[in-house]
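Notes follow once the structure below has been shown.
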Amino acid sequence: MPKDIDAKESGIGAASKRREDIRFLSGTGNYTDDINVNGQAYVHFLRSDVAHGRITSLDTAAAAGMPGVLRVFTGADFEAVGGLPCGWQVTDRFGEVMQEPAHPVLAQGKVRHVGDPIAAVVAATAEQARDAAEAIELDIEDLPAVVDMKAALAEDAPKVHDDLTSNLCYDWGFVEENKEAVAKAFDEAAHVTTLELVNNRLVANPMEPRVAVGDFNRATGESTLYTTSQNPHVIRLLMGAFVLGIPEHKLRVVAPDVGGGFGSKIFHYAEEAFCTFAAKALNRAVKWTSSRSEAFMSDAHGRDHVTKIELALDADNNFTALRTDTHANMGAYLSTFAPSVPTWLHGTLMAGNYKTPLIYVNVKAVFTNTVPVDAYRGAGRPEATYQLERVIDKAARELNVDPIALRRQNFITEFPYATPVAVEYDTGDYVATMDKLEEIADIKGFDGRRTESEKAGKLRGLGVNCYIEACGIAPSNLVGQLGARAGLYESATVRVNATGGIVVMTGSHSHGQGHETSFPQVISEMIGIPEDMVEIEHGDTANTPMGMGTYGSRSLAVGGSAMVKATEKIINKAKKIAAHLMEASDADVELKDGQFSIAGTDKSVAWGDVTLAAYVPHNYPLEEIEPGLEETAFYDPANFTYPAGAYACEVEVDPDTGKVTIERFAAADDFGNVVNPMIVDGQVHGGLGQGIGQALLEGCVYDEDGQLLSASFMDYAMPRADDVPFYQVDHSCQTPCTHNPLGVKGCGEAGAIGSPPAVVNAVVDALRSAGKDVTHIDMPLTPARVWAAMQS
Amino acid sequence: MYEFEFARPASVAEAVKALSEEDAQALGGGQTLIPTLKQRLAMPSTLVSLSGIDEMKGIHSEGGQLVIGGAMTHADVAEGAEAYPALAALAGQIGDPAVRNRGTLGGSIANNDPAACYPAAVLGSGATIVTSAREIAADDYFQGMFTTALEEGEIVTAVKFPQPEVANYQKFLQPASRFALVGVFVARFADGVRVAVTGASEEGVFRWGAAEAALATDFSADAISGLTVEADGMIGDIHGTKAYRAHLVGVMTKRAVAAAS
Ligand SMILES: Cc1cc2nc3c(=O)[nH]c(=O)nc-3n(C[C@H](O)[C@H](O)[C@H](O)COP(=O)(O)OP(=O)(O)OC[C@H]3O[C@@H](n4cnc5c(N)ncnc54)[C@H](O)[C@@H]3O)c2cc1C
């Protein structure tokens, strides 16, 4: 694959402009809320305003009589229907399966978090539905809420779910067999560094809030759900098979343009099931559009881990063991993939970029009276990276060694490398990315910049860290052993038209990643035809093969690989047709720049001649091959991919106010081969913005009664353009993935995974430059927190 | 929103009449009121828009004071109040362009949000609030969070700002809303100094008397170095403790003095 990426004008490596942006930027996108079905009605959900309570009476008679109201639904209407399923079952360290509570579509008897839906009013207009919801007479007996995870595990803590034995979902140990050996290594260590930290709870806040439109066709008995989803096939399977009992051939799920997801649109939500169910019950389409306020209390939240991490080192500063103790908040119910995030997406990454021989990770997942927590950009891997890179930084300071040198000394340098936490890194070059980082971040110039800042009365700090992530999820047989209740392959159908144009129907989905641009680049490269001869279709279960959707930086690595496999089948067949047309053997046919030729002869036929022959098979080897040119492939990866990199952040801290400004940020990433460097830059920029948001601004806060204090943008700080610097990003270090055909690794989450520790390391460094004995500050590093840390 | 009637009178007198209806409410730029309505936290019978009233518009000088119409938007003031640069700069820092193009001076001080910017300028300048019924001195007007001397149906038609020798507003942003976590307006007049603090106190905007006294004899940042406000009575929330806000009052005051000198 070409490394000289700027030189190319099209195909793999070209910075092709994002074709989907024409519609996104000109207001002509087709989002779920743009879909209106004739005669549709609107639903308004009555949601709990208390964190924990027992519904003592629920009278909907008055509401049902209000103008425009078609019907008021309550939990009783859903007694015969399944609850929302959880897609991953974790087995704890004693061999027991996790506690898995029921998750009703509408509350049954109890409410368990602020925002828990209790009743739903369907009316002719959205305003009428809302008016009627106010007329519902509801009495709730308040129960004490559990918000703090450790308090939730106390003997006498109120139980979120009465039918479970406690608020503990699972107590997971990994690798359990190593526990003793790890303890021994700690006993023998020359130095142990310990750090307690919080990975703050976040709200994903995609620009487009969630929307669902349920429709039902009485004539065919078919249900259709239009929804804001990253994975329509997954929703069809979960909702059809587990909640509503609708077989796939009677259920179509369409996710059109999706305005951002960051993980929060992976999961199957109650509102989707409700709209589909109600449309059938009422024989009328039913639409729900979330308000931003509802989004804060009903979209799955992210992160929310509390961790103690310990790092053991020998007398030469080699890492000898690592031990962590984490409490992970599940919220009130198990969201679709929640149990996997603090376990298999987190524990398996604790080795990071280092050859620590012994690792033990303990995770207690806890139910609380808060919104469910699930995957959010990076999902588990940011939590792992943050702990590890913070504790290494702390160790370097305790030992008085250079934090970069300490990292370099412990780098994994030989590949493939089997970690003590069950994964095998296929490729990587951590020395190269660190070298590149030192260059683009101008680490050498830091001391001079610090002097300048000090002259201006500011404290300057430098924070460096590495990260590794596991992307391209995942080998299905492996994740099956780990508790996944789904396979994680991907699919593509490549349909060549008679005149040579191509439509790819992919099981991946785009919620901003630019697949409509980058996927055609791959096919253009393979066949040698212009990119604009290829279109991508995704998002509709009616015309795409069963696929698992987009998350975990998997689309190009897994979905792209399926497309490559299908295209290879196309090329093989096209070569046979070309051989026939040229009266040659297909083994001799070469395809280059859209021309089939026979080596050593002047015979050639064009791509379009071959595709036409496939559909107008007058001169065609019908006895050997079928007419037509359309192939489907499924691809199940052999391993995860392991993007890695090194990041550097430089901050200035105002000593009078504690305000942190990011002066410089550099990211050196190894994503393997890069199909579109401009899109990759954009993905990294977005991830860095979110990581910086987590580090400095974003924090979802509940009070002790379970009321959401950060329930709107007035109190939940999203990063704005002027909160982030101009980034120095580089992805020229490329160690191609060894097991997928494109050699790609995935880039969607890297920025969000790698940046929080860099920011926090930098702020701690800045404070120490002023002689402050500060070893840690919990995110978000608001001015108030930084100032408070400086006072102590 | 709940349903409401809409009126757009052309004079203050008509507006006052319209507001005498039960549950009628004035609508300025709607930057506070419309979100409140959308959340169904208010249920006015009629919204009386003040945007069509010419006598509430304009910026002019009168007897050494700068008179600004109550319906002037923040953007109007940012552009049109050159005669009072500290005030123009304050208006230019409120919210974002969309907010500044609609939100009004009258609406802001009628609402008297404890974190709003204008109250600091009005109190710090010792301005006079002109209403549909009377004139009220700033010292009597602000009466605590979201509370003012305005009676039911009384309209802020203009504010008269005395023009100080030098003045400056320093705003420390609340990270999420970007309202003032603490904002300090300092104005030096021939006969004294006024220091008004917004964002910080549970009582809303207030004057910091000790700082005013110290600055009256020595208008320099150093003059207030040893002074602090009590943390008790400050706002404490997820964006900052009481102690932090008390500390910021000192920092922002010093910065305002330094920038004004
Ligand atoms: C995103 C955002 C950011 C903001 N940032 C800031 C900021 O940084 N600093 C800041 O100070 N403010 C900020 N604001 C508030 C903004 O300045 C509002 O414009 C202001 O608070 C209200 O003014 P309004 O004209 O929009 O009043 P409205 O919303 O129309 O009305 C507010 C209240 O005042 C009453 N009212 C309106 N006009 C009059 C009048 N002339 N006489 C009597 N009563 C009247 C109304 O009945 C209502 O009760 C922000 C607002 C938003 C939405």
Partner chain Cβ atoms within 10 Å, averaged over the residues of A:691-699 - can you pull that number for me?
-> 1
Mind ordering A:41-47, A:443-449 by average Cβ neighbours within 10 Å, highest first?
-> A:41-47, A:443-449
Cα centroids of the range A:554-617 and the range A:298-322: how far apart, whole angstrom?
-> 51
Provide the descending list of Cα extents for chain B along its principal axes, expressed in whole angstroms.
-> 55, 44, 30
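Over the range B:5-48, what is the relative contact order in whole percent, taking alpha-carbon pairs under 8 Å and six or more residues apart?
54
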Cα gyration tensor shape of chain A, rounded if a/c is under 1.5, else prolate or oblate by comparing a/b with b/c = oblate
Could you give the distance between the Cα centres of the range A:745-792 and the range B:218-261, to the whole Å?
-> 25
Yeah, the range B:1-121 with a ≥ b ≥ c from its alpha-carbon gyration tensor (a/c under 1.5 is rounded, else prolate when a/b outruns b/c, oblate otherwise) is oblate
When Cβ neighbours within 10 Å are restricted to other protein chains, what is their mean count per residue of peptide B:237-243?
-> 5
As a percent rounded to 5, the proportion of antiparallel DSSP bridges among beta bridges in the protein assembly as shown is 80
Mean Cβ count within 10 Å, highest first, over the residues of peptides A:702-713, B:100-111, A:196-207 = B:100-111, A:196-207, A:702-713
Name the shape class, rounded, prolate or oblate, that the alpha-carbon gyration tensor gives for the range B:99-189, where a ≥ b ≥ c are the square roots of its eigenvalues, rounded holds for a/c under 1.5, and otherwise prolate holds if a/b is larger than b/c and oblate otherwise.
-> oblate
Under 28 Å from the Cα of B:K242, which lysines turn up, not counting those fewer than eight places away in the same chain?
-> A:K150, A:K458, A:K659, A:K772, B:K171, B:K254
Summed over the other residues with a beta carbon less than 13 angstrom from that of A:H249, with K and R at +1 and D and E at -1, the charge totals +1
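Just to confirm a number: summing +1 for Lys and Arg and -1 for Asp and Glu over residues other than B:S61 whose beta-carbon lies under 12 angstrom from that of B:S61, what do you get?
Around B:S61, the surrounding residues sum to -1.
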Which of the lysines could a cross-linker bridge to A:K8, judged by Cα under 28 Å and excluding same-chain residues fewer than eight apart?
-> A:K17, A:K436, A:K565, A:K569, A:K575, A:K592, A:K745
What nm value, rounded to one decimal, do you get for the distance between A:I22 and A:A315 when each label is placed 7 Å out toward the C-beta?
-> 7.0
Shielding by partners, peptide A:778-790 (average Cβ within 10 angstrom, other chains) = 4
Per the rule of 0.36 nm per residue minus the C-alpha distance, extending A:Q728 to A:E177 adds in nm 194.1 nm
State the volume of the convex hull built on the alpha-carbon positions of the range A:591-643, expressed per residue in Å³ and rounded to an integer.
-> 185
Burial ranking of peptide ranges A:214-227, A:679-692, A:457-470, A:377-390 (average Cβ count within 10 Å, highest at the top) = A:377-390, A:457-470, A:679-692, A:214-227
With DSSP loop assignment and no more than 15 other C-beta atoms within 10 Å, the GluC sites (Glu not before Pro) in the range B:203-232 are B:E203, B:E230
If each K or R counts +1 and each D or E counts -1, the residues other than B:A231 whose Cβ falls under 15 Å of its Cβ total -3
Among the GluC sites (Glu not before Pro) within the range A:1-83, which fall in a DSSP loop and have no more than 14 other Cβ atoms within 10 Å of their own Cβ?
-> A:E9, A:E79
Compute the label zone of A:L709 within the range B:236-261: residues whose backbone N is under 12 Å from the point 7 Å along Cα-to-Cβ.
-> B:236-242
Over chain A, the sum of -39500 (n - 2.57) across DSSP H runs of at least four, divided by residue number and rounded to 500 deg cm²/dmol, gives at 222 nm -7500 deg cm²/dmol
Loop-located trypsin sites (Lys or Arg not before Pro) in the range A:559-601 whose Cβ has at most 13 other Cβ within 10 Å (DSSP) | none
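FYI, it's all coordinate maths here, none of it is from the lab. All values derive from a computational prediction rather than experimental measurement. Cβ sites come from the backbone with ideal geometry, for glycine too, and all protein chains shown count toward neighbours.
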